[in-house]
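Below is one structure, written out as structure tokens; the observations come after it.
The values are calculated or read from the model by the stated rules, or taken from the named source; none is laboratory data. Keep in mind that what you see is a predicted model, and the values were worked out from it rather than measured. Here Cβ is always computed from backbone atoms with ideal geometry, including for glycine, and neighbour counts include all displayed protein chains. Surface accessibility is based on the protein's heavy atoms, side chains included, excluding ligands, DNA and RNA. Shrake-Rupley method; radii C 1.70, N 1.55, O 1.52, S 1.80 Å.
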Amino acid sequence: MKIRLIEPANTPYRRSPLNLFVYDRHIRTPSQGLLTLSTIAKRMVEDTLMYSESISKIVWDDVLDADIVFLGVFTFNAQRGYELAERIRRSGRALVVIGGLHATLNPEEAARHCDCVLLGEGDETVPALIKAVLEGRPLDFPGVARYKGNRFFITGRAPAPQDIDTVPDRDLLYRFRKMAGHNTIWPQVHASRGCPHNCDYCALVAAFGRSVRTRSPEAVVRDIREAIAFFETGHRRIARMLWITDDNFFADRAWAVRVLRLIIAENIQYNFTIQARYEVGFDDEMLDLLRQAGFSELAVGIEFLEDEAFEAYHKKSTYREILSAAENIRRHGLRVRGLFIVGADSHTRGVGRRLADFVIRHDICGVLIQSMYFIPGTPVYETHKGSLIDENWARCTGKVVHNPEHISACDLQKEIILASRSIYSLPRLMDALLHKRGIERTLFLGEYFWQMSVRRELKRDLAYLRAHALPGPPEKTPCNLPRSSV
């Protein structure tokens with residue numbers, strides 16, 4: 001048997017000088033989840049290999065000769081995934097299987113493009129599917145969705161896997177070892193799954209529930225060591241930073257403390273970054289442990305700056321709490337990176353300026369700014385699907401995808417451009433190069449070029465919004481920007 005796994009990209013990889021400076025243009029860090037499933041599949045089938053369009057082109061002669069092809073899709077790359085699946089069904093002989101977050105929340109849509117959909121996380125359903133195919137049995141175990149003729153069938157949801165200690169074999173990903181020399185992609189480790197909170201726009205909770213499951217601290221540290229060795233061996237990397245990608249690493253506090261203490265005991269000398277909710281900013285013991293373990297920054301899900309927006313989407317935060325937490329994080333010698341959302345129902349023109357002023361005034365070291373997203377299956381999708389511009393999932397990369405209540409879609413996108421241009425201005429770049437040191441200087445330089453690319457794409461996308469969005473409220477302005485806007 002021969003198995004291939006594919007991670008689609010809505011902007012597939014191609015060689016470009018931009019890959020040296022700009023993330024997410026033609027290159028991005030591959031999926032740890034699909035790589036983990038590749039490792040699990042390899043235990044059963046020797047001839048197993050993964051492709052990621054984030055770092056390479058697909059070798060089609062190889063894929064079309066496979067017996068099973070798995071494709072993992074999120075919302076932003078779902079349409080590309082469907083295109084690849086249809087191509088394989090037309091030209092290959094494989095059983096084509098689609099899984100991932102978007103497919104789990106939208107199995108009927110995904111099933112139109114493949115032979116079957118695997119629901120949930122895949123650690124146990126991927127082996128179950130391989131075993132059924134090897135034995136010639138029907139795919140009737142829990143966690144399968146498919147069409148039979150014109151009728152859609154689903155076997156129910158498989159229980160969430162409890163053993164998630166698999167350390168991914170990064171050499172199973174085609175060309176990954178060679179591409180790990182790019183400073184625009186980082187080593188990553190995923191240490192836990194799930195989140196106990198209930199934010200309306202979060203697809204994680206909608207897909208997998210509110211339970212939190214953790215890997216053993218020993219497996220996490222082993223994964224960290226292997227990731228660092230994979231990226232550092234044979235390469236001369238400038239950005240020596242590992243990203244722990246958990247949505248909420250601190251949800252199980254006692255476990256998080258054990259992981260950090262083991263990293264310290266193992267004396268792993270590296271820079272780390274991690275995502276966090278604001279509450280960790282009040283946990284002095286945790287912040288001290290993070291600093292001792294080598295963490296230099298926290299990417300905090302700030303999202304909004306208005307209490308009414310927090311309340312509207314059931315995000316249990318307030319502006320004062322966010323500000324106080326950020327100040328305490330910095331007191332412990334850690335940088336704060338801000339993850340922001342614009343396009344809440346209460347947002348009006350000026351939201352971009354307010355965001356930029358907040359970032360600059362409070363020394364937020366970097367930002368990710370996205371327009372409000374509406375992943376099918378989440379509560380916010382159900383309440384706002386009537387305001388969506390369309391269901392072109394490939395645009396779900398931070399662009400404006402809906403008609404806001406109090407600002408036109410074009411104006412909202414212009415607010416994102418304005419905020420990015422203010423935060424990543426040339427004077428701020430020069431200041432960073434002169435006064436920042438080490439990884440902080442390197443990161444700002446890389447993000448300056450990345451944000452420039454983001455702004456260009458957002459500006460080009462204004463034509464799409466002019467053609468597809470509603471006119472907007474009376475106070476809207478024309479969808480035009482000065483040439484100096486990028």
**Item:** Single match in GLY438, GLY446 (criterion: under 27 Å from the mean Cα position of the chain (by Cα), exposed (fewer than 15 other Cβ atoms within 10 Å of the Cβ) and more than 24 Å from ASN392 (Cβ to Cβ))
**Value:** GLY438
**Asked** Name the pairs: first residue in region 115-140 and closer than 17 Å to ILE98 by Cβ, second residue open to solvent by 40 Å² or more (accessible area, probe 1.4 Å) and part of a helix (DSSP H, G or I), Cβ to Cβ under 9 Å, at least 6 apart or on different chains?
**Response** ASP115/ARG89; VAL117/GLU108; GLY120/PHE208; GLU121/GLY33; GLU121/PHE208; GLY122/GLY33; LEU139/VAL133
**Asked** Can you tell me which residues in region 232-245 are of a type in the set (A, V, I, L, M) and open to solvent by 10 Å² or more (accessible area, probe 1.4 Å)?
**Response** ILE238
**Request:** Could you check, for region 395-411, whether at least one of its residues is polar (S, T, N, Q), at negative phi, open to solvent by less than 10 Å² (accessible area, probe 1.4 Å) and in contact with a strand residue (DSSP E or B) (Cβ under 8 Å, 6 or more places away or on another chain)?
**Result:** no
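Residue-wise test of (1) basic (Lys, Arg); (2) not in a loop (DSSP other than H, G, I, E, B).
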{"site": "LEU71", "(1), (2)": "no, yes"}
{"site": "PHE76", "(1), (2)": "no, no"}
{"site": "ARG87", "(1), (2)": "yes, yes"}
{"site": "GLY122", "(1), (2)": "no, no"}
{"site": "VAL133", "(1), (2)": "no, yes"}
{"site": "ASP140", "(1), (2)": "no, no"}
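Quick grid of which residues meet (1) under 25 Å from GLN292 (Cβ atoms); (2) open to solvent by 30 Å² or more (accessible area, probe 1.4 Å); (3) outside any loop (DSSP other than H, G, I, E, B):
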position	(1), (2), (3)
ALA160	no, yes, no
SER211	no, yes, no
ARG225	yes, yes, yes
PHE230	yes, no, yes
ASP247	yes, yes, no
TRP255	yes, no, yes
LEU262	yes, yes, yes
**Fill in**
Considering region 328-356, residues that are open to solvent by 10 Å² or more (accessible area, probe 1.4 Å) and free of Cβ contacts under 8 Å to residues at least 40 places away in the same chain, and then whichever is farthest from the chain's Cα centre (by Cα), we arrive at ARG331
**Residues of region 49-76 that turn out to be touching an Asp or Glu at 6+ places or on another chain (Cβ under 8 Å) and of a type in the set (S, T, N, Q), as a count** = 2
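So in region 295-313, with the set limited to residues that are closer than 15 Å to ARG331 by Cβ and crowded, with 21+ Cβ neighbours inside 10 Å, which one is farthest from the chain's Cα centre (by Cα)?
Step one: filter region 295-313 for residues closer than 15 Å to ARG331 by Cβ, giving 295-298, 300.
Those left that are additionally crowded, with 21+ Cβ neighbours inside 10 Å: 295, 297-298, 300.
Working: PHE295: 20, GLU297: 18, LEU298: 16, VAL300: 14 Å.
In this case the residue turns out to be PHE295.
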**Request:** Kindly establish whether LEU173 is within 18 Å of GLN32 (Cα to Cα), in contact with a Pro (Cβ under 8 Å, 6 or more places away or on another chain) and without any contact (Cβ under 8 Å) to a residue 60 or more places away in the chain.
**Result:** no
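Which one of these is closer than 19 Å to PHE208 by Cα and at pLDDT 95 or above: GLY136, GLY99?
Step by step, each of GLY136, GLY99 is checked, and only GLY99 is closer than 19 Å to PHE208 by Cα and at pLDDT 95 or above.
Please indicate, with yes or no, whether at least one residue in region 88-100 is crowded, with 17+ Cβ neighbours inside 10 Å and touching a Gly at 6+ places or on another chain (Cβ under 6 Å).
yes
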**Complete:** Output for Cβ contacts, cut-off 7 Å, separation at least six or different chains, first residue within 14 Å of ALA463 (Cβ to Cβ) in region 392-405, second surrounded by fewer than 22 Cβ atoms within 10 Å (Cβ to Cβ), reads LYS399/ASP461
**Message:** Step by step: first the residues of region 30-56, then only those that are assigned to a loop (DSSP other than H, G, I, E, B) and not acidic (Asp, Glu), then the one that is surrounded by the fewest Cβ atoms within 10 Å (Cβ to Cβ). Which residue is that?
**Reply:** ARG43
**Item:** Hits in region 361-389 (condition: touching a residue at least 12 places away in the same chain (Cβ under 8 Å) and either in a strand (DSSP E or B) or among the hydroxyl-bearing types (Ser, Thr, Tyr) (or both))
**Value:** GLY366, VAL367, LEU368, ILE369, GLN370, SER371, TYR373, THR378, THR383, SER387, LEU388
**Item:** Evaluation of GLN292 against (1) under 30 Å from ASN267 (Cβ atoms); (2) surrounded by 16 or more Cβ atoms within 10 Å (Cβ to Cβ) (one fails), failing number
**Value:** (2)
**Fill in**
The correct count of residues that are surrounded by fewer than 21 Cβ atoms within 10 Å (Cβ to Cβ) and on the phi > 0 side of the Ramachandran plot in region 121-145 is 1
**Request:** Within region 7-29, identify whether any single residue is open to solvent by 20 Å² or more (accessible area, probe 1.4 Å), of a type in the set (S, T, N, Q), more than 24 Å from ASN183 (Cβ to Cβ) and in contact with a helix residue (DSSP H, G or I) (Cβ under 6 Å, 6 or more places away or on another chain), and answer yes or no.
**Result:** no
**Item:** Residue list for region 283-294, restricted to those being of a type outside the set (A, V, I, L, M, F, W, C) and within 24 Å of the chain's Cα centre (by Cα)
**Value:** GLY294
